[in-house]
Each structure stands twice: as structure tokens, then as C-alpha cells.
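Chemist: Got a structure here, written out as C-alpha cells. Questions coming.
The values are calculated or read from the model by the stated rules, or taken from the named source; none is laboratory data. From a predicted model like this one, the values you see are computed outputs, not experimental measurements. Positions of Cβ are backbone-derived with ideal geometry, glycine not excepted, and every protein chain shown enters the neighbour counts. SASA here: full protein model, heavy atoms, side chains in, ligands and nucleic acids out. Shrake-Rupley method; radii C 1.70, N 1.55, O 1.52, S 1.80 Å.
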Amino acid sequence: MAHFSNAAGEGFDGSGISGGDLLRHWNLEKNALAVKVNGELKDLNVILEEDALVEPVTAESPEGLEMLRHSASHLLAQAVLTLFPGTKYAIGPAIKDGFYYDFEVAGQIAEEDLPKIEKEMARLAKEKTPLSREVLPRAQALDLFKEQGQIYKTELIEALEDEHISCYRQGDFIDLCRGPHVPHTGFLRAVKLLSLAGAYWRGDENNIMLTRIYGTAFPDKDSLKAYLERLAEAKRRAHQKLGKELDLFSLHPEGPGFPFFHPKGMVIINRLVDFWRQEHIRRGYCEIKTPLILNKDLWLQSGHWDHYRENMYFTEIDEREYAIKPMNCPGGILVYNSRLRSYKEFPLRMAELGTVHRHERSGVLHGLMRVRCFTQDDAHLYITPEQIKDEILGVMDLAKYIYSEVFSFKYSVELSTRPEKAMGDPAMWDMAEKALQEALEESRTPYRINEGDGAFYGPKIDFHLEDCLGRTWQCGTIQLDFQMPEKFDMTYVGRDGQQHRPVMLHRTVYGSLERFFGILIEHYAGAFPYWLAPVQVKILPVSEDHLDYAREVEKNLRCRGCRTEIDVRDEKLGKKIRDAQMEKIPYMFVLGDRENEERTVAVRERTAGDLGSKTLEEMLELLAQEFSPFSL
RNA sequence: GCCAGCGUAGCUCAGUUGGUAGAGCAGCGCACUCGUAAUGCGCAGGUCAACGGUUCGAGUCCGUUCGCUGGCUCCA
């Protein structure tokens with residue numbers, strides 16, 4: 001950090017060096033792309049106020065990296081305009097891990113053009129053209145872009161209220177931009193274009209679809225290379241790929257979006273369910289099950305017919321219309337309403353592993369993460385208004401326990417507020433939003449507000465987990481609902497003997513078993529912890545002679561609930577070990593003459609390797625020490 | 001749904017400017033009876049996603065449909 005002054009003295013004026021030049025010099029020595037002046041990010045050629053506090057911003061800092069990528073997007077636009085004259089350019093920001101730029105390309109652009117564009121960018125970078133800021137009067141800026149037929153830029157300027165428009169110029173390329181930017185294009189020497197995609201202008205599907213080019217930029221070639229390797233590694237652990245390799249699940253054209261679970265996948269799903277049941281019993285939930293198909297009247301009453309019809313599947317029974325449930329709540333409400341309820345039952349926590357079907361648009365399907373048939377670990381809590389906060393806190397505690405303690409996930413939390421197509425009284429919405437917010441504040445949970453993203457019947461708290469490429473997926477959710485109790489005329493008898501309206505809380509923790517499973521596969525890269533592993537111990541007889549002893553050991557393990565298999569193939573030991581390793585099985589027991597005589601097993605662990613010889617009793621003790629969320 | 005790319009044996013992939021389909025792994029059989037990450041030999045396996053068109057001739061070119069992947073929009 002340094003103090004600079006433009007004031008007279010120190011020979012600035014006398015020596016003919018301006019404060020700006022001095023600053024530039026000082027910062028280039030420090031390898032800075034920009035500076036923070038009194039905490040604010042500025043270009044290197046900023047004109048300093050008297051006694052400004054100045055810090056260099058290097059390419060390695062988060063701000064520097066973002067700037068680098070933003071500047072790279074300008075370079076991309078310049079290259080595309082050079083190679084595809086007549087192209088209209090829209091917007092090009094830096095994003096997490098990179099940048100993009102949207103174009104209406106003159107002619108055709110294909111993925112195979114990317115190397116050509118990269119080459120042009122490299123050429124332009126070599127020229128070290130300065131990126132300079134130009135502030136134009138509004139009318140002049142408008143004329144400038146209008147002349148070139150840049151309709152997207154003029155539309156953007158028209159939306160701005162400023163008198164003066166900030167632009168950045170590099171050579172003959174000029175872009176509407178707030179900045180700041182790197183001093184010259186020479187800083188953009190580690191840039192890679194990644195993919196081509198369609199994107200609607202201003203994110204509205206009624207608008208024209210532009211061509212988006214994604215890329216990334218790093219301070220140097222080594223860190224770019226490291227990033228690309230990370231991407232490749234992430235692709236190797238994609239759940240679709242591992243699901244096939246480890247024989248966990250499959251998807252078929254016969255049922256797009258309807259996953260099939262194989263025996264090994266079912267072991268994991270069932271473990272998740274067993275654990276879920278245990279934890280819910282402990283936390284005072286009961287469990288119900290409701291039908292998959294219910295008649296149309298129910299969905300009319302719930303509001304799904306009006307708000308959710310386009311995502312529902314329908315069928316006909318005895319010439320009457322039925323719907324396949326897209327959500328579990330209406331069924332759950334029928335259980336609630338099946339008899340008179342008392343406040344003494346409250347908080348009434350009814351869980352349901354409910355399988356739902358939703359007609360998702362074909363383009364959004366994604367492995368197990370976005371499917372058309374999935375099982376929610378749903379629950380509906382029927383409570384009094386006074387119980388709202390405690391119950392929300394209770395669910396948040398459960399989510400934290402499962403995400404953080406059991407699975408060591410990092411997760412983010414969002415509060416989604418009233419959407420446009422909301423049902424019901426705005427005052428109720430305000431109250432519900434406030435209750436959720438209070439619970440978040442009280443539990444000191446960091447969260448982001450997602451304006452207008454709530455469910456049609458109520459606001460919600462969402463829990464998001466990351467997949468291996470850093471994409472986030474909503475898993476758990478807590479939704480506060482005052483609408484359904486009205487619609488279904490739900491009541492309970494209070495202490496005063498009068499009928500009251502309950503409040504309803506919808507919630508999930510896994511979200512959907514399918515999605516959570518997909519994320520788990522990637523989280524563990526297929527090497528599931530002992531308590532989830534489809535096969536926990538693989539028994540490897542050295543030769544056929546040791547099969548009898550192998551069966552004896554297998555029986556012993558099975559009796560104690562251990563999931564075990566013998567590799568009975570007529571193969572060499574090395575091959576059996578390799579295959580067990582590829583299957584990511586936690587333990588291998590090697591059995592040969594020695595073990596047979598000593599009544600021991602030679603233990604190999606998938607990451608630690610050889611653990612030496614152990615008696616079966618010693619081994620069972622070791623296995624018992626493996627982490628398990630079960631406490632039976 | 002929209003944009004782009006892809007679809008060849010169970011899996012991973014090769015297949016010249018259009019001339020009639022190939023490897024490795026997996027599977028099956030035989031031999032070997034094996035000590036810590038791949039034993040050898042053999043056999044079998046394909047309406048080249050589907051349908052239509054161009055052509056004497058299509059895995060290859062064109063069109064349509066389906067599916068998958070990456071995005072966009074959407075996502076209770």
C-alpha cells in the first residue's frame with residue numbers, strides 16, 4: 001500500500017512526470033493490472049485525488065482475475081468482429097471460472113472455428129494494444145454504435161440513465177463498458193475458448209437466440225493448464241460415467257428421464273433411506289405413503305391444475321381424468337383431513353418417500369440430476385403459527401447434520417420470495433417470508449435472496465449442493481405454506497375448543513434420492529464410504545484350492561451384516577486385486593495357504609494398501625470402527 | 001422447447017476423397033492352479049441410433065425423427 005499525491009512538491013510537475021505516470025510505473029514494477037484507490041478498483045491510468053491510498057491489484061487476486069477475464073471477453077469480441085465482419089456483439093462479462101461473449105454472428109460459427117478465433121486473439125494479444133477508457137456524451141455514444149449497426153449496444157445504452165457513457169477502446173474495437181480493464185492486450189496470454197452455446201438475448205426465451213462463446217483466462221499458461229486438467233478430471237468423475245462403470249444405474253431411450261437402478265445402486269439408495277428413516281424417527285416424524293395416481297378434482301382443488309398443469313402427466317380411468325402426482329402434498333393433506341386433528345398432536349411431522357412424475361422439457365434432462373420421475377424425501381409439518389420458527393430451525397438443523405456431518409458437503413442457502421404467479425394474500429406472503437428470514441438470521445446461516453423464485457403457494461429456503469463441475473443443484477427445501485390449508489379447509493381443534501387453521505411446512509433434505517445419489521457419486525468419485533459401499537469386502541482366493549476357506553470367511557462376514565463377495569474367477573491374484581481396485585471396494589481379503597493354516601486374512605484397503613495379516617476377529621473389530629451414521 | 005456438437009460390438013474407440021466393418025477391454029471356451037494393479041490361445045459378438053432421399057453403390061453426402069452431451073430458458 002502506498003500514498004500518492006498529485007499535489008505540488010516532490011518534483012512531480014517539475015520533472016515532467018505526472019502522478020498517473022508515476023503510479024503506472026510503480027504498479028508495473030509490482031506486476032499489477034490495476035489499482036485499488038481508496039478501496040475502489042480502478043485502471044492503472046486513473047487520475048489520483050490528493051493523498052489517495054493506493055494498492056496494486058495483481059492477476060492472482062480475485063479482482064485481478066475477474067478483470068483479466070473481462071478483458072479477455074473484449075479481446076474475444078474484437079477477434080470475432082475481425083474474422084466475421086458484420087457480427088453484432090451483445091454482452092460479455094466475466095463469470096465464475098471464465099468469461100463469455102454473446103454474438104449475433106454474420107454467417108455461421110461452429111465449434112471448429114474456435115481454434116481459429118483463439119489464434120486471432122493470440123495475434124491481437126501479441127500487439128499489446130492498450131485498452132483505454134473513453135467517456136462519451138450519451139448522444140455521441142449512441143451515434144457511434146448506431147452507425148455500426150450495433151443494435152444490442154444501442155439498446156443497452158438506451159436502458160442506461162447516465163449522461164455520459166463509459167467505453168473501452170482497443171485499436172479500432174470499441175465496447176460499451178464500465179471497466180476497469182488490464183492496461184493492454186499483452187496481459188491476455190493464457191486464454192482458452194471452451195465451448196459454443198445458444199443464449200437468449202437478455203435471457204428471455206421470447207427474444208432472438210444469440211451465439212455465446214465461453215472461454216477462460218488465467219495469469220499464466222501453467223495455471224490455465226492446471227485448470228484444464230481439473231476440468232478433465234471432473235469429466236472423469238461425472239456421475240453418468242461412474243454410474244455405468246460401477247454398474248449403479250442406467251438410462252434408456254425407452255424412458256428418457258426415467259432412471260433404472262441396478263443392484264449396486266439400490267444398495268446405496270437403500271442405505272440412504274435406512275439412515276433417513278432412523279434420523280426421522282429420532283426427530284419425531286411419522287411416515288405415510290400416498291397413491292401415485294389421483295383424480296383431477298384433487299389437483300383442481302390444490303391449484304396444481306391452474307399453476308402446474310404443463311408439467312403434469314395425465315391418464316384416464318373409467319372415462320374419468322386422473323393425474324400422476326407431481327407432488328406429494330395433496331395426498332398428504334387427505335391423510336391429515338381423514339379425521340379431526342387436535343393441537344395436542346402438533347407439531348405433526350408426516351414424512352413420505354414420495355415418488356413423483358414431472359414432465360420436464362426434453363432439453364433440461366441431465367443424468368440423475370434432472371429427471372422426470374424421482375422420489376422426494378418429503379415431509380409435511382402441520383403446526384400452529386407459534387411453532388413456525390422452531391420447526392424451521394429444526395429442519396435446518398437436520399439439513400446441516402446430514403450435509404455437513406454425515407457427508408461433509410459444502411452447501412449454500414437461498415431464500416426465495418414471492419413469484420409473479422403467486423397464489424393468495426400478499427400479507428400472508430410477507431408474514432411467511434419474514435418467518436423464514438428470522439429463522440435464517442437466528443441460526444446465523446449465510447444466505448442469498450432469490451427474488452421472485454418461491455413456489456406458487458409459498459416462499460422457501462433452498463439448500464444447494466455442488467456437482468463436480470461446480471454446477472449447483474437444489475436439494476433440500478423448506479417451504480412455508482398458508483395456501484393449501486385454506487384450499488383444503490384444514491383445521492385442528494385448539495385448547496379453546498374452537499377450530500383453527502394449521503400452518504403447513506413442506507420440506508425435503510435429500511431433495512430427491514436420484515439427484516442426491518448423483519451428487520454423492522461425484523462427491524466420492526465413486527469410492528463410497530464403507531457404510532454406503534455396495535460391496536464392502538471382496539474376498540480374493542489365491543487359487544481354486546482356497547475356495548472353501550473363502551466361503552467360510554464369507555459366511556462369517558455375512559452373518560455380521562457385512563456386504564461381501566468372493567471373486568471366484570479363474571484369474572491370477574494380481575488381476576483380482578486390480579479389478580477390485582477398479583470397483584473401488586473398501587477392503588480386499590486375500591486368502592491362500594498361509595491364511596488357511598493360520599485362520600487369518602491378508603487385508604488390503606483401497607487407499608492404504610496392504611494392512612497385513614489379521615484374524616477374523618481383529619478384522620471385524622477394524623470394520624466396526626468405520627464411520628457410520630447408524631447408531632443401533 | 002431453443003442453440004451447438006455427438007450417436008460404429010456390452011464398454012472405449014479406429015474406419016482414407018462414397019466401393020460393402022476393425023482393434024483393445026469385457027463375455028464365452030480351452031490350457032495354466034497361480035501370493036498383492038491386467039496369464040496365454042481360441043470363439044462369438046454389428047439392420048454402423050431410426051426412417052427417408054441422392055447415387056451404379058452410403059457407416060461416410062442431404063433431410064427428418066429419436067436419444068445423449070454442453071449451454072439458454074424453465075425448475076414445487
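Chemist: The stretch A:178-206 to the stretch A:36-95: how many Å between their Cα centroids?
Modeler: 11
Chemist: Moving to a separate point now. So what's the back-of-envelope 222 nm ellipticity for chain A, counting only DSSP H runs of four-plus at -39500 (n - 2.57) apiece and dividing by all residues, rounded to 500?
Modeler: Dividing the helical sum by the residues of chain A leaves -10000 deg cm²/dmol.
Chemist: Give me the base-10 log of I(q)/I(0) for the stretch A:543-584 at each q in 0.15, 0.24, 0.26 Å⁻¹, Debye formula, one uniform scatterer per Cα, rounded to two decimals.
Modeler: For the stretch A:543-584, the Cα-only Debye profile gives -0.41, -0.90, -0.97.
Chemist: Further question: Can you quote the Å³ per residue value for the convex hull of the Cα atoms in chain A, rounded to an integer?
Modeler: So the per-residue Cα hull volume is 239 Å³.
Chemist: Counting only protein heavy atoms, what percent of the accessible surface of chain A is carbon or sulfur at a 1.4 Å probe?
Modeler: Solvent-exposed carbon and sulfur of chain A make up 49 percent of the total.
Chemist: Can you give me the span-like helices of chain A, meaning DSSP H runs with 30 Å or more of Cα extent along the axis and Kyte-Doolittle mean at or above 0.0?
Modeler: Span-like helices in chain A: A:62-83.
Chemist: Among A:228-237, A:176-185, A:421-430, how do they line up from the highest to the lowest mean number of other beta-carbon atoms within 10 Å?
Modeler: A:176-185, A:421-430, A:228-237
Chemist: Can I ask one more? More than 16 angstrom separation, counting every C-alpha pair in the stretch A:420-530; what % is that?
Modeler: Values: 4150 of 6105 pairs.
Percent of Cα pairs beyond 16 Å in the stretch A:420-530: 68.
Chemist: Just check the stretch A:253-393 against the gyration tensor rule for me: Cα atoms, a ≥ b ≥ c as the square roots of the eigenvalues, rounded for a/c under 1.5, and otherwise prolate or oblate depending on whether a/b exceeds b/c.
Modeler: Here the stretch A:253-393 falls in the oblate category.
Chemist: Follow-up. Please express the Cα-Cα pair-distance distribution P(r) of the stretch A:459-614 as a list of whole percents, one per 10 Å bin, running from 0 to the bin with the greatest distance.
Modeler: 10, 26, 19, 14, 13, 9, 7, 2
Chemist: Another one. Return the Cα extents of the stretch A:314-412 along principal axes one, two and three, sorted largest first, each rounded to a whole Å.
Modeler: Principal-axis extents of the stretch A:314-412 (Cα, largest first): 44, 42, 19 Å.
Chemist: Taking the Cα centre as origin and putting +1 on Lys and Arg beta-carbons and -1 on Asp and Glu beta-carbons, what dipole magnitude results for the stretch A:283-409, to the nearest 20 debye?
Modeler: Working: 16 positive and 18 negative charges, 22 e Å.
In total the dipole reaches around 100 debye.
Chemist: Mind pulling the per residue volume of the convex hull built on the Cα atoms of the stretch A:563-629? Å³ is fine.
Modeler: Working: hull volume 6.9 nm³, N = 67.
Per-residue hull volume (Cα only) is 102 Å³.
Chemist: Could you tell me the largest-minus-smallest coordinate of the C-alpha atoms of the stretch A:145-185 on each of the three principal axes, in descending order and whole angstroms?
Modeler: Its Cα atoms span 29, 21, 13 Å along the three principal axes.
Chemist: Would you please give the residues with an amide H less than 5 Å from that of A:Tyr101, counting only those at least 5 places away or on a separate chain, with H modeled from the backbone geometry?
Modeler: A:Ile213
Chemist: With +1 on the Cβ of every Lys and Arg and -1 on the Cβ of every Asp and Glu, and nothing else charged, how large is the dipole of chain A about its Cα centre, in debye rounded to the nearest 20?
Modeler: 1240
Chemist: What fraction, in whole percent, of alpha-carbon pairs in the stretch A:285-362 exceed 15 Å separation?
Modeler: Above the 15 Å cut-off, the stretch A:285-362 has 59 percent of its Cα pairs.
Chemist: Students often check this: by mean Cβ neighbours within 10 Å, which of A:615-624, A:203-212, A:125-134, A:497-506 ranks highest, and how do the rest follow?
Modeler: A:497-506, A:125-134, A:615-624, A:203-212
Chemist: Take the Cα atoms of the stretch A:78-189, build their convex hull, and give its volume per residue in Å³. Please report the intermediate quantities before stating the final value.
Modeler: Numbers: hull volume 12.4 nm³, N = 112.
Hull volume over Cα atoms, normalised by residue count, gives 111 Å³.
Chemist: If you don't mind, there's one more thing I want to ask. From largest to smallest, what semi-axes in whole angstrom does the stretch A:360-476 give when each is the square root of 5 times an eigenvalue of its alpha carbon gyration tensor? Numbers along the way, then the final one.
Modeler: Details: eigenvalues 118, 77, 37 Å².
Computed over the stretch A:360-476, the values are 24, 20, 14 Å.
Chemist: Still on this structure, please answer the following. Between the stretch A:559-599 and the stretch A:257-318, what is the C-alpha centre distance in whole Å?
Modeler: 39
Chemist: Okay, next question. Considering only protein heavy atoms, what per residue accessible area in square angstrom results for chain A with a 1.4 angstrom probe? Write down the numbers at each step before the final one.
Modeler: Values: 30850 Å² over 632 residues.
Heavy-atom SASA per residue in chain A reads 49 Å².
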